[in-house]
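Below: the structure, in structure tokens.
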Amino acid sequence: MPSRLLEETVAALKIGARLEISRVNRSGIAATKLDVYVHGEKDLPREVYWAQQNQAREHDHERGHKHDHDHGHPQEHEPVELREHNYGQTRNEGARAGAPLPHAHEHGRGLKEIREVIRNAAISDGAKSTAIAIFEALGAAEAKIHSSDIESVHFHEVGAVDAMVDIVCAAVGAEALAVDEIVCSPLNLGGGTVKCAHGVLPVPAPATLELLRGAPVYSSGLQRELVTPTGAAIVKTLAKRFAPFPAMTVEKSGYGAGTRDFSGHANVLRLTLGESPPEFAGNVSGETISVLEANLDDLNPQVVGYVVDRLLEEGALDTFALPVQMKKNRPGMLLTVLSRPEDASRLTRILFTETTTLGVRRREEQRQVLARRWITVATRWGDVRLKIASMNGTVTNYSPEYEDCRKLAVEHHVPLKSVMQEALQGYLKHTQK
């Protein structure tokens, strides 16, 4: 991927940032390092930034006065409290804590403003949709942690210029690869604690853990943060599935370097580009899933809806129920759950605890899956995501996201079908451009 593409992407955002690209060595591996400069100042790892802030506070205290940003008036070139991976906070929380609210452009951006910055950038519509989806995933995780609505969360992290650069460049870069799917290996989260605007947090940070629900993770024992909330949001959105190294004919590979240089641990991210074997070609990928089944003939039907919702929230790929005739001619229900193999045991426990079943059948099956992607279209009531499925480069299905449409229909008191129809019309107009 040409470095010029990423540099042009950063310039297109018009947020006062630039890239510096260099080659470095991490534990014997040569890798490419991208540094973000904001108004001429280099972005720093979180612990370095907060160490510098503490030193500055101590120095000012010795001189008998507080540091400027304690009063909420930092200099324009100081991205105070918006360093990479600072934890999201609602405006009400900040007020309760007595903390000054940052200025919108210097110290934070709400999701609405972030969407506008991306939409006004001179990048493709597909990359815009992907970047917005990444921010929304991160915003949803932060909102859940803070028990707040996504639109009211005050983003320290995602409002920071360096995080915007990371996410939008990831979206543009993924599109430039022109691959059918991105597969991610299990993630090494690291360990220990990390200091941020809210104080000391465990690693992985709460938002990181929320974003990676359903993903295979582990810790190699290194007591450092190896996956950040921004990184988790990018992986959650871009990766179609998690698996060990997939079958492929390798074409090329590359290494990107992290800022920290650990002894005995290569702090790099490897990207391998290849072509799947013929049996997996044509935008149709194969994967192993677990099928869980339970027969229910003595469960209150009201509970079934709750159990289905609970299973989906806990990572089930799909859940459905069919009416069946059981022994002694009793009407019953066959509850079926599709899951990733690594989630099957956990979902089985939910079936045992939430239903009246005494046994759950489990089997492994292969399924073929079309390539899928998301785009966001605008309606008069708000944005709606559409899921696009394709085979051999041809779109085979497209449908608006139900929850997005339902939310807008309720908020604006309009028929659900009207929202869905306008979203579809917006997509068709988008394809005709």
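Brief remarks on what is shown
Table: residues versus (1) open to solvent by less than 90 Å² (accessible area, probe 1.4 Å); (2) assigned to a helix (DSSP H, G or I); (3) under 18 Å from Asp125 (Cβ atoms); (4) not hydroxyl-bearing (Ser, Thr, Tyr).
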| site | (1), (2), (3), (4) |
| --- | --- |
| Ser390 | yes, no, yes, no |
| Tyr398 | no, no, yes, no |
| Asp404 | yes, yes, yes, yes |
| Lys407 | yes, yes, no, yes |
| Val414 | yes, no, no, yes |
| Lys417 | no, yes, no, yes |
| Met420 | yes, yes, no, yes |
| Leu424 | yes, yes, yes, yes |
| His430 | yes, yes, yes, yes |
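- Pairing residues of segment 244-269 that are under 19 Å from Cys184 (Cβ atoms) and open to solvent by 60 Å² or more (accessible area, probe 1.4 Å) with residues that are modelled with pLDDT under 95 and part of a loop (DSSP other than H, G, I, E, B), at Cβ distances under 6 Å and at least 6 apart in sequence or on separate chains, gives Ala247/Pro277.
- As a summary of the residue check, Val337 satisfies the conditions (1) over 13 Å from Asp297 (Cα atoms); (2) open to solvent by 90 Å² or more (accessible area, probe 1.4 Å) except for the one numbered (2).
- Which listed residue, of Ala232, Ala239, is within 21 Å of the chain's Cα centre (by Cα), surrounded by 19 or more Cβ atoms within 10 Å (Cβ to Cβ) and of a type outside the set (Val, Ile, Thr): Ala232
- Pairs are defined by a Cβ separation below 7 Å, a sequence spacing of at least 6 or placement on different chains, a first member in segment 308-326 that is of a type outside the set (Gly, Ala, Ser), and a second member that is surrounded by fewer than 17 Cβ atoms within 10 Å (Cβ to Cβ) and assigned to a loop (DSSP other than H, G, I, E, B); the pairs so defined are Met326/Asp297.
- Matching entry among Thr357, Thr353 (being assigned to a helix (DSSP H, G or I), within 19 Å of Leu296 (Cα to Cα) and either touching a strand residue (DSSP E or B) at 6+ places or on another chain (Cβ under 8 Å) or not small (Gly, Ala, Ser) (or both)): Thr353
The values are calculated or read from the model by the stated rules, or taken from the named source; none is laboratory data. Note that the structure is predicted; figures quoted are calculated from it, not measured. Glycine gets a Cβ as well: all are built from the backbone with ideal geometry, and neighbour counts include every protein chain shown. Protein only, heavy atoms only, side chains kept; ligands, DNA and RNA dropped before computing areas. Shrake-Rupley method; radii C 1.70, N 1.55, O 1.52, S 1.80 Å.
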